[in-house]
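Undergrad: Okay, here's the structure, questions in a sec.
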Amino acid sequence: MSRKQKDNLSVTNSGVADVSVGGSVSSTGVAVESEPTAEQRPISVLLIGLLIVLLYWGDMYVMEHGADVSGKAGSFPPVVYDPFQSYAQVERANPRSELDLILARGRNVFRTMCAPCHQDTGLGNPAMGVPPLAGSEWVLTDAPGRMIRIVLDSVSGEIQVAGKTYNNPQMPPWREILNDEDMAALISYVRFNKDWGNNASIAKPEKVKEVRAATASHAGRQWTAQELLQVPPNE
Amino acid sequence: MASDNPAGGAPITQDRSFAGHGQAGLSPCYSMTAPAASTLVSEPSRPSAVIATQARVPTTEIDASCRVPVLLLFVSGAIWLLVGIFLLLLSSVKLHSPGVLADTAWLTLGRIRPAAMNAVLYGFASQTAIGVLLWMLCRLAGTRLFFQSTILIAGMLWNLGVTTGFVGILAGAGTGFDWLEMPRYASVILFVAYALIGICAVMTFHFRRDPALYVSQWYLLAALFWFPWIYSAANFLLLIQPVRGVMQAVVNAWYTNIFLHLWLGSIGLAVIFYFIPKLIGRPLYNRWLAAFGFWTLAFFANLSGLNQLTGGPVPAWMISISVAAGVLLIVPLISVAINWHLTLAGNYQRAKEDMTLRFVVFGAGCYLIAEALGIVLGTREVSVATHYTYLELGHRYLALFGFVGMVLWGSLHYIVPRLVQMDWYCPKLTKTHFRCSALGVGLIFVALSAGGVLHGLKMNLGTEDMVRLVRATVPFVGLSTLGWLLLLIGQGALLMNLFVVLRRSVEPYRRSAWELVRSDNPAQPEESS
Amino acid sequence: MNSGPLLFLGIFVTLAASFWSLLLVPQVKIGRQEILNTNNMVYPARPGVTKQGEQIYRSLGCTECHTRQVRPRGYGSDFDRGWGNRRTVAQDYLNDYPVMLGNLRIGPDLANIGLRQTNALWHLAHLYEPKRMSPGSMMPPYRFLFKNRKLKVGEKPPPEALPFELKPGHATIPSEDAYALVDYMLGQQAEFPLFEAPLPGAATNVPPADAASTNTVSTNAVSTNAVSTNVPSTNVSTNVAPGNSPK
C-alpha cells in the first residue's frame, strides 16, 4: 500500500484498518481481526535441567541457612537469625555461665577417657562388667568424696552398683593422668548430668586436690567396696 | 488485504450505534475507520485444533459491549495517573529541596509519597489493568461482556474507594503499611468493587465460545483469583485482626511482592503474550514453554516476597526460602524471553510502524531487565550493599512504569479506538506520549540506580556521615525529577488524546440532542454524512 | 491447560503454598511471642505517650525515609555507625502497631535513637528545622508541629515555649503531637540482651574442642532469654544459679 493510499485510511498507529495482518478477509472484502494463537513444540531439555538443578540448589541453600533440620531447637527454629545458620551457632555465640564451662570441659574429658567403657549414655555395659553411672549410688552421694576416690585409684573386688554385682571391674586409675580441674569437671559432668537423670552437686577442683592429698598413701592401690563405704556420704 | 477505500461504497452504519459520526476532512489527523464485518467471523485454524462449540460474537459487538465500563475504567485510570505522577514529581523535588511546600502536614513528603503510590497502584494501574483484563477476556472468549452495568457501578465504587483512601492518607489516616496505606474504610469499598468485577469477569470467562484457552487467559484468570485473596488476607491480618509484631512486616512484604509480580505483573504478561503474536500476525512460538513459564512463575514468585527483608528482624529460614525462590525466578524469566524473542524474530522493525507494538516491546524489555535486577537484588550478598538505597526504589519504578505502565498504555492505545469506533485524535500526541514516557522512565531508572549505587557504597559499605552522603546523591535525584517531569508531560499527551477522542465520540449524541431541543419537531436522526 | 477448573486448582495451590509457608508457619513460630518480664524489667515497653508518638510517626510517614532495624554484622555497616550494639529481632517489635521497619534510608536508622540522642530539646529543635541541628540535612522541616507566637517588644516568652529562639522575635511552642513524637524517639531502644541476638564478640569463653559438635556442648544449657553474668554493659543485674543442689 502506498503512502498516499494510507492517508485515506486510518493511520496504522491505531491499527484499526490494518488488521489484515494475521487476519482474514470476510465475504464483503473487508479485513477482520483475529485473536492470537500459539504453536506447540517440546520444551528444551536444558531448561528443565536448569529448573531441576536450581531446585536442588535452593533446597540445599535453605537447609544450610537457617532450616537447621536436625538441630536441637527443631526444624526452622524461630530463634536463629542471620548471620547464624543453626541453633548450635546461636548457643555458641551466647556467653556461657561458669557452670556451662565446667560441664563442657567435663564432657570432653568423659568422651575421651570414660565413654569407651561407660558409654556416652552413662549406662555402661553390665553384661561385660562395666557398671552404669546413671543412677549409680556411688555417683549420687551427697558429697563427691567416694567418687573422687574411685576416679583417682579405681576399684577392685566385688562391688554392687544399682542392684547388680560386679567383680573386679577393669577400670584404670586416673590419679596420674587427670589434673584437679579436669577431674573436677569430669566428676561434675557425671554427677550433674540431667540427660542421665543425675542431679547431684558438682565437684570443685579444691575438693579434688584435698582428697588427692588425703589419699596420697593409697596411690597405686585400688579401693575395695568396704573401704569406700567407710567414707561418709557427706564428705 | 483491505481495498483502497474501506468504506467501499457499502452502507456504513448498519449494526453500529453511532449514526454518521465524523467524516474525513475534519482534520488531517482524523479519518474514517473501517467498518468491521457484519457477518460472522470465521476462525483461522489453529494447530491444536479444538472444535469451537459456538460461533464467536462479531468483534464489533464485543467491543461495543465493553465500551462504557472499560472506558470509564480507562479514563479514571488516566486521571489518577496524572494525579499520582504529579505527586511523585513533587516528592522527587522534595528529596532534593526539602523546604518546598513543607509548611503543611497535608503536603509533607511522608504523606504525598504513599498517597501518590496508592493513586498510581490502585487508581491507575489496577483500574486500567482491570479494563484491559475485561476486554481481553471478552475478545479471547469470543463473547460479550457480562453484566456491563454492574461493572460500571463497580468502577464508580472503585474510584470512590481510591478517592477516599487518597484523601485519608493526606489527612494523616495512612496505615503505615507499604502499598496498603489506605485506611480500612477505603479498602473495604475497593474490595466490594473488586468482588463485583471479579464475578462479571469469571462469568465472561466461563461462557466462552471456544473452550480452548490461550496463554493470556491463564495469566488473566490467575490474576483474577490472586488479587482478592492477597488483598483481603493482607487487610485482615494487618488492619482488622492485626498479627503480632514483626509478622506484620512479613505479611506486608508478602503482599507487595505478589501484588506487583502476580497481579499487575500477570496482567502485564497477558498483554504482552496477547499483542506480540496478534500484531505481527504470527503464532506464539511455543505454548508448552509458555505453560512452563506460567507455572514456574506462579509458584516461585509467590514464595519470593520476603527477600525484601534480608538483614531484617525475621528468622533466617524465612528469608532463605524467599531468596531461593527469587533465584529460581530465573527459569520463568528465560522462558518468556525465549518465547517472545523467537516469536518476534525478524519482526522487530514492525514496532517502528505500530505504536501498540512499540509500547508492548518496550514494556517487555523493561520486564526482563526489572525481573533480572530483582533476582540479583534479592540475594543476601548483593542486598548487603544495595538494601535501603535508591537502587531498590528505581527498580520498583522500572517495574511499575517501565513494564506495567508501558504495556497498559500500549493496550489502551489499541483498545480505545475499537471501543469508540474512532481513531485517535493525533498520532503525534501518541508519539509524544511514547517518547516522553520511555525517556522519562529511562531517566528515572538510570538516575536512581546510579544514585543508589553511590548511596549503597557509601552508606552500607562505608561509614561516611549520613548527611554528607545523602547530599552526594542529590544530583541523581535531581535528574530523576527531570524524568518525572517528562513522564508527566507524556501522560498529559495521553490525556489530551483521550479526551478529544471521547468528546468526539460523544459529539453526535450531543448534537442530535441539541437539535432535538432546539427544534420543536420530533427528532429525525440527522444524517451528517 | 484448557480446563478452567484445573487451572483454578493450580492457581489456588500456588497461593496456598506461599500462604502456608510464609504466613501460617511463621505465625505459629514467631507470631505468639510474649512480652518479656525478666528480673522486673519489661521488654519491649511502649508506655503511654510514646504510643501516641508512634501514631504521629505513622501519620507523618516518617517510615518513608527512616528505617528502624539494625542489621547484623556482615550485613552492612550498621554497627560501625553506632546504630546499635546488636541486631534487632522479632522480640523488639512486639509492642509496635504498626510495625514500621522502613525500606529506604535517606536518614539514619532510628532503632536506638533514644540511646544515641537523649536530649528532648535537641529533638524538638531538629524537628522544627533539621538544618539547624544537622547542617546540610535533607530532612524537611516540620514547622507545622509548632506554633510561633510573635512576642511584643520586651515581652518574655511564655513558660511553655522552647527556651531558645527558632524564629527571630517569636516564641516557639511545640504542639502535643511534637512532644509525643519526641517521646517516641526517646523511647527507641533495642539493646536489651536477648538469646537470639547475642552481642557480637560476647562469647569469648568458648571451649575450643567442641567447635564441631552439633549436639552441643552442654546438654544442661541455661534456658533461652536468660542473661549471663558475662554480658558487658547491661542495665540488668542477673543471677544465673550455677547448679541447683546444695554443696
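Undergrad: Filter region A:118-133 down to residues that are in contact (Cβ under 8 Å) with a residue 40 or more places away in the chain and within 13 Å of chain C (Cβ to nearest Cβ) and give me whichever is least open to solvent (accessible area, probe 1.4 Å).
TA: So, considering only residues that are in contact (Cβ under 8 Å) with a residue 40 or more places away in the chain and within 13 Å of chain C (Cβ to nearest Cβ), the one least open to solvent (accessible area, probe 1.4 Å) is A:G122.
Undergrad: Which residue out of B:L328, B:L368, B:L393 is more than 20 Å from B:V441 (Cβ to Cβ), modelled with pLDDT of 95 or more and not hydroxyl-bearing (S, T, Y)?
TA: Testing whether each residue is more than 20 Å from B:V441 (Cβ to Cβ), modelled with pLDDT of 95 or more and not hydroxyl-bearing (S, T, Y) leaves just B:L328.
Undergrad: Of all residues in region A:163-183, which are over 29 Å from the mean Cα position of the chain (by Cα), assigned to a loop (DSSP other than H, G, I, E, B) and buried (at least 16 other Cβ atoms within 10 Å of the Cβ)?
TA: Across region A:163-183, the qualifying residues are A:P169, A:M171, A:P173, A:W174, A:R175.
Residues are listed down the side, and each one gets a yes or a no for (1) modelled with pLDDT under 90; (2) surrounded by 21 or more Cβ atoms within 10 Å (Cβ to Cβ):
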| residue | (1), (2) |
| --- | --- |
| C:M41 | yes, no |
| C:G53 | no, yes |
| C:Y57 | no, yes |
| C:T67 | no, yes |
| C:F79 | no, no |
| C:M100 | no, yes |
| C:D109 | no, yes |
| C:G114 | no, no |
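Undergrad: Please work out which one of (1) closer than 30 Å to B:S216 by Cβ; (2) in contact (Cβ under 8 Å) with a residue 60 or more places away in the chain is the condition B:G456 fails and give its number.
TA: Exception for B:G456: condition (1).
Undergrad: Here's another thing I want to ask about it. Suppose we filter region B:297-309 for residues that are open to solvent by 10 Å² or more (accessible area, probe 1.4 Å) and either closer than 18 Å to B:T389 by Cα or more than 7 Å from every other protein chain (Cβ to nearest Cβ) (or both); how many remain?
TA: Qualifying residue count, region B:297-309: 4.
Undergrad: Same structure again: For region C:186-195, state whether one or more residues are open to solvent by less than 10 Å² (accessible area, probe 1.4 Å), touching a Phe, Trp or Tyr at 6+ places or on another chain (Cβ under 8 Å) and either within 14 Å of chain B (Cβ to nearest Cβ) or closer than 22 Å to B:L469 by Cβ (or both).
TA: No.
Undergrad: Can you spot a residue in region A:100-117 that is more than 14 Å from chain B (Cβ to nearest Cβ), surrounded by fewer than 21 Cβ atoms within 10 Å (Cβ to Cβ) and in contact with a Pro (Cβ under 8 Å, 6 or more places away or on another chain)?
TA: yes
Undergrad: Restricting attention to region B:348-355, does a residue exist that is within 12 Å of chain A (Cβ to nearest Cβ) and open to solvent by less than 10 Å² (accessible area, probe 1.4 Å)?
TA: Yes.
Undergrad: Could you tell me whether any residue of region A:21-36 is modelled with pLDDT of 85 or more, within 8 Å of chain B (Cβ to nearest Cβ) and in contact with a strand residue (DSSP E or B) (Cβ under 6 Å, 6 or more places away or on another chain)?
TA: No, every residue in region A:21-36 fails to be modelled with pLDDT of 85 or more, within 8 Å of chain B (Cβ to nearest Cβ) and in contact with a strand residue (DSSP E or B) (Cβ under 6 Å, 6 or more places away or on another chain).
Undergrad: Looking at (1) open to solvent by less than 10 Å² (accessible area, probe 1.4 Å); (2) within 14 Å of chain C (Cβ to nearest Cβ), find the lone condition where B:A154 falls short.
TA: Result: B:A154 fails condition (2) only.
Undergrad: Test B:F166 against the criterion of being within 7 Å of chain C (Cβ to nearest Cβ) and in a helix (DSSP H, G or I), and give yes or no.
TA: Against the criterion (within 7 Å of chain C (Cβ to nearest Cβ) and in a helix (DSSP H, G or I)), B:F166 does not qualify.
Undergrad: When region B:330-374 is examined, which residues are found to be in a helix (DSSP H, G or I) and of a type in the set (G, A, S)?
TA: If the condition is that a residue be in a helix (DSSP H, G or I) and of a type in the set (G, A, S), then B:S335, B:A337, B:A351, B:G363, B:A364, B:G365, B:A370, B:A372, B:G374 are the ones that fit.
Undergrad: Output the number of residues of region C:41-77 satisfying the condition of being more than 7 Å from every other protein chain (Cβ to nearest Cβ), touching a helix residue (DSSP H, G or I) at 6+ places or on another chain (Cβ under 7 Å) and of a type in the set (G, A, S).
TA: The number of residues fulfilling the criteria is 1.
Undergrad: Would you point out which residue out of B:G265, B:G312 is at the interface with another protein chain (Cβ under 8 Å from one of its Cβ atoms) and not in a strand (DSSP E or B)?
TA: After applying the criteria, what remains is B:G312.
Undergrad: Just checking, how many residues over region A:184-199 are more than 9 Å from chain C (Cβ to nearest Cβ), in a helix (DSSP H, G or I) and either small (G, A, S) or open to solvent by less than 10 Å² (accessible area, probe 1.4 Å) (or both)?
TA: Matching residues across region A:184-199 total 5.
Undergrad: May I ask you to list pairs of residues, at least six apart or on different chains, whose Cβ atoms are under 8 Å apart, with the first in region A:208-235 being within 10 Å of A:G145 (Cα to Cα) and the second being modelled with pLDDT of 90 or more and among the aromatic types (F, W, Y)?
TA: If the second residue must be modelled with pLDDT of 90 or more and among the aromatic types (F, W, Y), the pairs left are A:L228/A:W138.
Undergrad: Scan region C:125-179 residue by residue and report those that are closer than 24 Å to B:L90 by Cβ, out of contact with any His (no Cβ under 8 Å at 6 or more places or on another chain) and of a type outside the set (A, V, I, L, M, F, W, C).
TA: Once the filter is applied, which keeps residues that are closer than 24 Å to B:L90 by Cβ, out of contact with any His (no Cβ under 8 Å at 6 or more places or on another chain) and of a type outside the set (A, V, I, L, M, F, W, C), region C:125-179 yields C:H126, C:Y128, C:E129, C:P130, C:K131, C:G136, C:S137, C:P140, C:P141, C:Y142, C:R143, C:D177.
Undergrad: Among the residues of region C:30-40, are any closer than 18 Å to B:I319 by Cα and either touching a residue at least 24 places away in the same chain (Cβ under 8 Å) or within 11 Å of chain B (Cβ to nearest Cβ) (or both)?
TA: Within region C:30-40, one or more residues are closer than 18 Å to B:I319 by Cα and either touching a residue at least 24 places away in the same chain (Cβ under 8 Å) or within 11 Å of chain B (Cβ to nearest Cβ) (or both).
Undergrad: Let me ask another. So if I check each of C:R87, C:R73, C:R105, which one is in contact (Cβ under 8 Å) with a residue 12 or more places away in the chain and either assigned to a helix (DSSP H, G or I) or open to solvent by 30 Å² or more (accessible area, probe 1.4 Å) (or both)?
TA: Every option except C:R73 fails the conditions.
Undergrad: Follow-up question, since we're still on this one. Restricting to region A:134-187, name every residue that is touching a residue at least 60 places away in the same chain (Cβ under 8 Å), touching a Ser or Thr at 6+ places or on another chain (Cβ under 8 Å) and under 18 Å from A:V109 (Cβ atoms).
TA: A:A134, A:P144, A:R149, A:L152, A:D153, A:W174
Undergrad: Within region B:134-147, can one find any residue that is closer than 15 Å to B:S187 by Cβ and surrounded by fewer than 24 Cβ atoms within 10 Å (Cβ to Cβ)?
TA: no
Undergrad: Right, here's the next one. Would you call C:L23 under 21 Å from the mean Cα position of the chain (by Cα) and either surrounded by 14 or more Cβ atoms within 10 Å (Cβ to Cβ) or free of Cβ contacts under 8 Å to residues at least 12 places away in the same chain (or both)?
TA: no
Undergrad: Return the only residue of A:V90, A:V62, A:V80, A:V69 being open to solvent by 40 Å² or more (accessible area, probe 1.4 Å) and of a type in the set (A, V, I, L, M).
TA: Only one candidate passes the filter, namely A:V69.
Undergrad: Kindly list the number of the only condition in (1) at the interface with another protein chain (Cβ under 7 Å from one of its Cβ atoms); (2) under 22 Å from B:G451 (Cβ atoms) that fails for C:T88.
TA: (2)
Undergrad: Restricting attention to region A:56-73, which residues are closer than 16 Å to B:S304 by Cα, facing chain B (nearest Cβ under 7 Å) and without any contact (Cβ under 8 Å) to a residue 12 or more places away in the chain?
TA: Within region A:56-73, A:G58, A:Y61, A:V62 qualify.
The values are calculated or read from the model by the stated rules, or taken from the named source; none is laboratory data. Every value quoted in this text rests on a predicted model; they were computed, and no experiment measured them. Cβ sites come from the backbone with ideal geometry, for glycine too, and all protein chains shown count toward neighbours. Keep in mind that these areas ignore ligands, DNA and RNA; they rest on the heavy atoms of the full protein, side chains included. Shrake-Rupley method; radii C 1.70, N 1.55, O 1.52, S 1.80 Å.
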